[in-house]
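*Asks:* Okay, here's the structure, questions in a sec.
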Amino acid sequence: MAEVAVAIIMGSSSDMGVAEKAAKVLAEHKVRYETRVLSAHREPEALERYLKEIEDSVAVIIAIAGLSAALPGIIAAKTDKPVIGVPVSGKLLGMDALLSMVQMPSGVPVAVVGIDNGENAALFALRMLKSFNRGQ
């Protein structure tokens, strides 16, 4: 697999509009990224395989999910990479997803941006990447 800096993972193809916002920002800054649809609920084994596959090639993961929004927490529990959660508006205007993401238990850190705010997730990922480069 070619090395990418950011993986954008969404729980459903219906989250593509939010993922495209993040991808646009990363592309404008010439940051290598890839996008995948992998549900923490419907495809847990595929998600785990993908996280193992990208372990040495990805620096930051953006996880986009709505409703119960388990995806960012599941990812954070299975990797030591920084995870940025993006809650998606849905039945409760995205508040259900937002609260699911910010209420991670101790030891499962997830940074969370505003509802549907893929742009801020990408901008935060860019800041992380710059910070990582300073430490080298």
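*Asks:* Scan region 21-51 for residues that are under 26 Å from Arg127 (Cα atoms) and either touching a residue at least 24 places away in the same chain (Cβ under 8 Å) or assigned to a helix (DSSP H, G or I) (or both) and report the count.
*Replies:* Adding up the residues that qualify gives 20.
*Asks:* Looking at (1) within 24 Å of Leu26 (Cα to Cα); (2) more than 9 Å from the chain's Cα centre (by Cα); (3) not acidic (Asp, Glu), which is the only condition Gln103 fails?
*Replies:* (1)
*Asks:* From the list Leu67, Leu129, Leu71, exactly one residue is aliphatic (A, V, I, L, M), more than 18 Å from Val37 (Cβ to Cβ) and either in contact (Cβ under 8 Å) with a residue 12 or more places away in the chain or touching a Ser or Thr at 6+ places or on another chain (Cβ under 6 Å) (or both). Which is it?
*Replies:* Selected residue: Leu129, the only one of Leu67, Leu129, Leu71 that is aliphatic (A, V, I, L, M), more than 18 Å from Val37 (Cβ to Cβ) and either in contact (Cβ under 8 Å) with a residue 12 or more places away in the chain or touching a Ser or Thr at 6+ places or on another chain (Cβ under 6 Å) (or both).
*Asks:* Now, a different point. Being at pLDDT 95 or above and in a loop (DSSP other than H, G, I, E, B) is the filter here, so list the residues in region 55-78 that pass it.
*Replies:* If the condition is that a residue be at pLDDT 95 or above and in a loop (DSSP other than H, G, I, E, B), then Val58, Ala59 are the ones that fit.
*Asks:* Looking at (1) surrounded by fewer than 19 Cβ atoms within 10 Å (Cβ to Cβ); (2) without any contact (Cβ under 8 Å) to a residue 60 or more places away in the chain; (3) over 15 Å from Val112 (Cβ atoms), can you tell me which one Val58 breaks?
*Replies:* Going through (1) surrounded by fewer than 19 Cβ atoms within 10 Å (Cβ to Cβ); (2) without any contact (Cβ under 8 Å) to a residue 60 or more places away in the chain; (3) over 15 Å from Val112 (Cβ atoms) one by one, Val58 breaks only (1).
*Asks:* Find the residue count for region 89-126, including only residues that are farther than 20 Å from Val18 by Cβ and either of a type in the set (Val, Ile, Thr) or in contact (Cβ under 8 Å) with a residue 40 or more places away in the chain (or both).
*Replies:* 1
*Asks:* Under the condition of being more than 14 Å from the chain's Cα centre (by Cα) and of a type in the set (A, V, I, L, M), which residue from region 26-55 is surrounded by the most Cβ atoms within 10 Å (Cβ to Cβ)?
*Replies:* Val31
*Asks:* Being in a strand (DSSP E or B) and within 11 Å of the chain's Cα centre (by Cα) is the filter here; which residues of region 79-94 pass it?
*Replies:* Those that are in a strand (DSSP E or B) and within 11 Å of the chain's Cα centre (by Cα): Val83, Ile84, Gly85, Val86, Pro87.
The values are calculated or read from the model by the stated rules, or taken from the named source; none is laboratory data. Quantities reported herein were computed from a predicted structural model and do not represent experimental measurements. No Cβ is skipped: glycine too gets one built from the backbone with ideal geometry, and neighbour counts run over all protein chains shown.
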